[in-house]
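**Q** The structure follows.
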Amino acid sequence: RANRTVRSTSQARSAPMASIMMSSGLAAVAPQKRVALSASRSGFAAGGSSVRAAMVAPRAVSARAVGMPQVVADGEERLRLHNLSPLKGSRKKPTRKGRGYGAGQGGTCGFGMRGQNARSGPGVRPGFEGGQTPMYRRFPKLKGIAGGMGAGLPKYVTVNVETIAAALAASKLDSAAEVSLEALKSAGIVKATGYYRNLPLKVLGTGELPTGITIKAMAFSASALAKIEASGGKVELVPKKVKWTRAAAKARAEAALATA
């Protein structure tokens, strides 16, 4: 017990001494830091360019520029075609409704308590709002193609007489050959793509036609027909596609049986 008391008293006496020494050490370090900061400031003031150049770290040279082999850390696999996979959380499994309590939706299976959509069967159609005027009927409608009316859609690929005359002058078309929709497409005069790729050709009468040529199309405007004939050209009408009707099909079948 006597030894323990002696040790405790010595430790108690040494504790304040240690705190005094630590405080003196900090006081000795602090002036050194101030001197270093003041020296750096004075260095900037005296020769800022030299001090700044000394403080700037040199740029690291890339491994590819030197030609050194790239190092890959252990445990990291480089991205390759055989290890591609979706990001974590980007693909989720669909909710399996109506598969019992084990699916996680409880007794109502995620359909709610009551209502038409909770019963068996198809439910309601898309856009149905319970009987009130739906949104697609409340909004105002636009005229023509924007409003969904087929009457405004073009029925022909059109070309003017002056366009054909310019193509003849540029030697894109042969005046001795027949001008048709296929010839205009191959010459790059008519670019019928998308919706227009299956439409027939119609010739309009804007401009003049100096030479007489033969034009083959499904429709001609009255002015285009007059100008082509005045220049000494010819017009060939392509027969229109016959619209299928039940009565016409029956009549053709009966005519075929009668001739047979």
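Values quoted throughout were computed directly from the atomic coordinates according to the rules given, and no laboratory measurement underlies them. All of these numbers come straight from a predicted model, not from anything done at the bench. Ideal geometry is used to build each Cβ from the backbone, glycine not excepted, and the neighbour counts take in all protein chains shown.
**Q** So which GluC sites (Glu not before Pro) in region 183-260 are both in a DSSP loop and have at most 11 other Cβ atoms within 10 Å of their Cβ? Can you show the working numbers first?
**A** Details: sites: E208, E229, E236, E254; in loops: E208.
Within region 183-260, the qualifying GluC sites (Glu not before Pro) (loop, at most 11 other Cβ atoms within 10 Å) are E208.
**Q** Something else now. Distance between Cα centroids, region 186-228 to region 110-132: provide it in whole Å.
**A** Measuring centre to centre over Cα atoms gives 55 Å.
**Q** Further question: Excluding same-chain residues fewer than 8 positions from K216, which lysines have a Cα within less than 28 Å of its Cα?
**A** Counting by Cα, and skipping residues close in sequence, K216 has these lysines nearby: K155, K172, K185, K191, K202, K227, K234, K240, K241, K243.
**Q** R0 = 30 Å: FRET efficiency of A146 with A192, Cβ-based, nearest 0.05? Don't jump to the answer; show the numbers that get you there.
**A** On the way: r = 22 Å, r/R0 = 0.74.
For R0 = 30 Å, the calculated efficiency reads 0.85.
**Q** So if each residue of separation counts as 0.36 nm, and I subtract the Cα-Cα distance between M135 and S180, what length gain in nm does that give? If you can, show how the numbers build up before the last one.
**A** Values: separation 45, 0.36 × 45 = 16.20 nm, distance 4.76 nm.
Here the answer is 11.4 nm.
**Q** Karplus couplings for region 125-132 from phi (6.51 cos²θ - 1.76 cosθ + 1.60, θ = phi - 60°), rounded to Hz, Gly and Pro as x?
**A** 6, x, x, 7, 10, x, x, 6
**Q** Between R96 and E236, what is the spin-label point distance in nm, taking each point 7 Å from the Cα along the Cα→C-beta axis?
**A** Rounded to a tenth, the inter-label distance reads 6.7 nm.
**Q** Oh, and also: Multiply the residue gap between K88 and R119 by 0.36 nm, knock off their C-alpha separation, and tell me the result in nm, one decimal place.
**A** On the way: separation 31, 0.36 × 31 = 11.16 nm, distance 3.56 nm.
Using 0.36 nm per residue and subtracting the Cα-Cα distance, I get 7.6 nm.
**Q** Oh, and also: So, in nm, how far is label L225 from label L199 when the simple model puts each one 7 Å beyond its Cα toward the Cβ?
**A** For L225 paired with L199, the spin-label model returns 2.1 nm.
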